[in-house]
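The values are calculated or read from the model by the stated rules, or taken from the named source; none is laboratory data. None of the values given here were measured: they were computed from a predicted structure. Heads up, the Cβs are rebuilt from the backbone with ideal geometry, glycines too, and the neighbour counts pull from every protein chain shown.
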Amino acid sequence: MKKTIALLLALCLCLCLFAGCGNNKTESNGSTETSSASGSVYYLNFKPEADQAWQDLAAKYTEETGVPVKVVTAASGTYEDTLAAEMDKSAAPTLFQAGNQGAINSWGDYCLDLTDTAFANELTTDDFNLYGEDGALLSVGYCYECFGIIVNKALLEQAGHSLDEITNFETLKAVADDIHARAGELGFDAFSSAGLESSSSWRFSGHLANMPLFYEFRDNDVTSQPAEIEGKYLDNYKAIWDLYTTDSATTGAALTTATGDASEAEFGQGEAVFYQNGSWEYDSLVNDAEKGFMMNPDDLAMIPIYCGVDGEENAGLCSGTENCWAVNKTASEEDIQATLDFLYWVVTSDEGTTMMAEQFGPCPFKNAKEPENVFFAQANEMIADGKYTVTWAFNFTPAVEDWRAGVVDALTQYTAGTGDWDAVKTAFVDGWATQYAAENAG
């Protein structure tokens, strides 16, 4: 009998010790929160270019805390489909992206109210957050970015031009036309390839499409997702698209399969002066020797995307974010807590803030590090000079992946010469109304 009791006591002691191992304490915003090691984190990341950085950071956190952190990265242009598939699984993501109103419409019921959570209390601004109709904080903007036309200043000067010449679409076109006409003698062209393969097309169905959306919404004082759009500035969209696809070494049908990596390589290897992309490209351009090039930061600049709108001489860069974290409220309490603890560590630890600065630039948290990224310095300089910021109007896009797919399909046919510009207008305007109606049915 004594042996039986002793065995039972020993077993209880082991169980208590085991449970105690899972009751680590994490200091969060001056208070102590319980983090259960039985919990785990599953982050569905939507930026392929940051995949390795997240994998490395996750491994570091697990090494320090023992809490498993799994990072899965959706292929470019497939995030919504991947998220839908993963949310149907028993082990669904505990952390995911909900970066615009369409995402909140689709996934708001899964989003934990992050109000007064330790990591959200580290924010320095509310400008990039997304809320539900009841005021719940559903998604936290964890960085902000800018995009425009990246310029190789050294090549521009080699071609006999300077940044000071380019102040609007007319002057951009004049410089690009001249470089393209002399590409043979110069050894480089004006624009890198405007590829329409899925790894590249988002630059034009999302970021370039922001230009006509921004100016229309500014004219109409749009502050929430509209059911319909007019397409008032689609001729301007056509003008810049035609420039991209004419003053380039890659034109016509060849663009339908041209990739994002190809476009980046053309720019990085000095084959093109201009490259539409964003601040997130900085690290890849200057620090990634494995790609076969490492550009000099002093040679880089970013200018606004000019498209012929009156007054665009006063435009700054396109600035905003779709990088917003949402926590899955349908996950277990242990996994929710583990995820909140992980997020707090990411935005406060030296390892986390270093990675965030390197990969994402400026982050709106108290302990954020200053990024070494010339594009952000230029964005801030334009703001200081009184230029207006071109905000991210595409954040209002309904059923964003489906709408963009329709625009890309029409752009592809137009660029390959098998379709006309009217089809692009239809995909843009009618496609918006169709996707809005479908998303808001019932």
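Would you be able to say whether some residue in the stretch 267-274 is touching a Leu at 6+ places or on another chain (Cβ under 8 Å), assigned to a helix (DSSP H, G or I) and touching a residue at least 24 places away in the same chain (Cβ under 8 Å)?
Among the residues of the stretch 267-274, at least one is touching a Leu at 6+ places or on another chain (Cβ under 8 Å), assigned to a helix (DSSP H, G or I) and touching a residue at least 24 places away in the same chain (Cβ under 8 Å), which makes the answer yes.
Okay, residues lined up against (1) of a type outside the set (Gly, Ala, Ser); (2) free of Cβ contacts under 8 Å to residues at least 24 places away in the same chain; (3) surrounded by fewer than 21 Cβ atoms within 10 Å (Cβ to Cβ):
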site	(1), (2), (3)
Tyr110	yes, no, yes
Asp113	yes, no, yes
Asp116	yes, yes, yes
Asn121	yes, no, yes
Thr125	yes, no, yes
Gly135	no, yes, yes
Cys143	yes, no, no
Cys146	yes, no, no
Ile150	yes, no, no
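Inside the stretch 371-394, can you point out the residues that are crowded, with 21+ Cβ neighbours inside 10 Å and either within 20 Å of the chain's Cα centre (by Cα) or on the phi > 0 side of the Ramachandran plot (or both)?
Pro371, Asn373, Phe375, Phe376, Ala379, Val390, Trp392, Ala393, Phe394
Considering only residues that are acidic (Asp, Glu) and at pLDDT below 95, look in the stretch 114-157 and name the one that is nearest to the chain's Cα centre (by Cα).
Of the stretch 114-157, the ones acidic (Asp, Glu) are 116, 122, 126-127, 133-134, 145, 157.
With the extra rule that they be at pLDDT below 95, the set shrinks to 126-127, 133-134, 145.
Details: Asp126: 18, Asp127: 16, Glu133: 24, Asp134: 26, Glu145: 8 Å.
Top of the filtered list is Glu145.
Could you tell me which numbered condition Glu185 fails, if it satisfies all but one of (1) surrounded by fewer than 20 Cβ atoms within 10 Å (Cβ to Cβ); (2) touching a residue at least 60 places away in the same chain (Cβ under 8 Å); (3) over 23 Å from Tyr282 (Cα atoms)?
Condition not satisfied by Glu185: (2).
Quick test for you: out of Ala159, Ala174, Ala154, Ala190, pick the one residue that is more than 24 Å from Glu322 (Cβ to Cβ), free of Cβ contacts under 8 Å to residues at least 12 places away in the same chain, of a type outside the set (S, T, N, Q) and touching a helix residue (DSSP H, G or I) at 6+ places or on another chain (Cβ under 9 Å).
Just one listed residue meets the conditions, Ala174.
Quick one: would you say Ala338 is modelled with pLDDT of 90 or more, in contact with a Leu (Cβ under 6 Å, 6 or more places away or on another chain) and at negative phi?
Against the criterion (modelled with pLDDT of 90 or more, in contact with a Leu (Cβ under 6 Å, 6 or more places away or on another chain) and at negative phi), Ala338 does not qualify.
Out of the residues in the stretch 236-262 meeting the condition of being of a type in the set (Asp, Glu) and touching a residue at least 40 places away in the same chain (Cβ under 8 Å), tell me which one is farthest from Ser106 (Cα to Cα).
Per the stated criteria, the residue is Asp247.
Could you figure out which of (1) assigned to a helix (DSSP H, G or I); (2) in contact with a Phe, Trp or Tyr (Cβ under 8 Å, 6 or more places away or on another chain); (3) in contact (Cβ under 8 Å) with a residue 60 or more places away in the chain isn't true of Thr353?
(3)
For Gly419, all conditions in the list (1) more than 17 Å from Ile240 (Cα to Cα); (2) part of a helix (DSSP H, G or I) hold save one; what is the number of the exception?
Gly419 satisfies every listed condition except (2).
Mind checking which residues of the stretch 47-93 are hydrophobic (A, V, I, L, M, F, W, C) and assigned to a helix (DSSP H, G or I)?
Ala50, Ala53, Trp54, Leu57, Ala58, Ala59, Leu83, Ala84, Ala85, Met87
Hey, among Ala258, Ala253, which residue is modelled with pLDDT of 95 or more, among the small types (Gly, Ala, Ser), crowded, with 18+ Cβ neighbours inside 10 Å and in the same structural domain as Val175 (by TED's automatic domain parsing)?
Ala258
Here are some conditions: (1) surrounded by fewer than 23 Cβ atoms within 10 Å (Cβ to Cβ); (2) more than 24 Å from Met294 (Cα to Cα); (3) touching a strand residue (DSSP E or B) at 6+ places or on another chain (Cβ under 8 Å). Leu208 meets all but one. Which one does it not meet?
Result: Leu208 fails condition (1) only.
Return the residues of the stretch 397-442 that are charged (D, E, K, R) and at pLDDT 95 or above; say none if nothing qualifies. It would help to see each step written out before you state the result.
Step one: filter the stretch 397-442 for residues charged (D, E, K, R), giving 401-402, 404, 409, 420, 422, 425, 430, 439.
Passing the criteria: Asp402, Arg404, Asp409, Asp420, Asp422, Lys425, Asp430.
Test Thr389 against the criterion of being in a helix (DSSP H, G or I) and either hydroxyl-bearing (Ser, Thr, Tyr) or under 24 Å from Ser201 (Cα atoms) (or both), and give yes or no.
no
Is at least one residue of the stretch 234-244 in contact with a strand residue (DSSP E or B) (Cβ under 8 Å, 6 or more places away or on another chain) and either buried (at least 18 other Cβ atoms within 10 Å of the Cβ) or outside the structural domain of Ala423 (by TED's automatic domain parsing) (or both)? I'd like the intermediate steps shown before the answer.
Looking only at the stretch 234-244, we keep the residues that are in contact with a strand residue (DSSP E or B) (Cβ under 8 Å, 6 or more places away or on another chain), and these are 243-244.
Next, from what is left, pick out any that are either buried (at least 18 other Cβ atoms within 10 Å of the Cβ) or outside the structural domain of Ala423 (by TED's automatic domain parsing) (or both): 243-244.
Looking for residues that are in contact with a strand residue (DSSP E or B) (Cβ under 8 Å, 6 or more places away or on another chain) and either buried (at least 18 other Cβ atoms within 10 Å of the Cβ) or outside the structural domain of Ala423 (by TED's automatic domain parsing) (or both), one finds at least one in the stretch 234-244, hence yes.
When you check Ala265 against the structure, is it among the aliphatic types (A, V, I, L, M) and either surrounded by fewer than 20 Cβ atoms within 10 Å (Cβ to Cβ) or closer than 30 Å to Leu112 by Cβ (or both), yes or no?
Details: among the aliphatic types (A, V, I, L, M): yes; either surrounded by fewer than 20 Cβ atoms within 10 Å (Cβ to Cβ) or closer than 30 Å to Leu112 by Cβ (or both): yes.
Taking the combined requirement at face value, the residue satisfies it.
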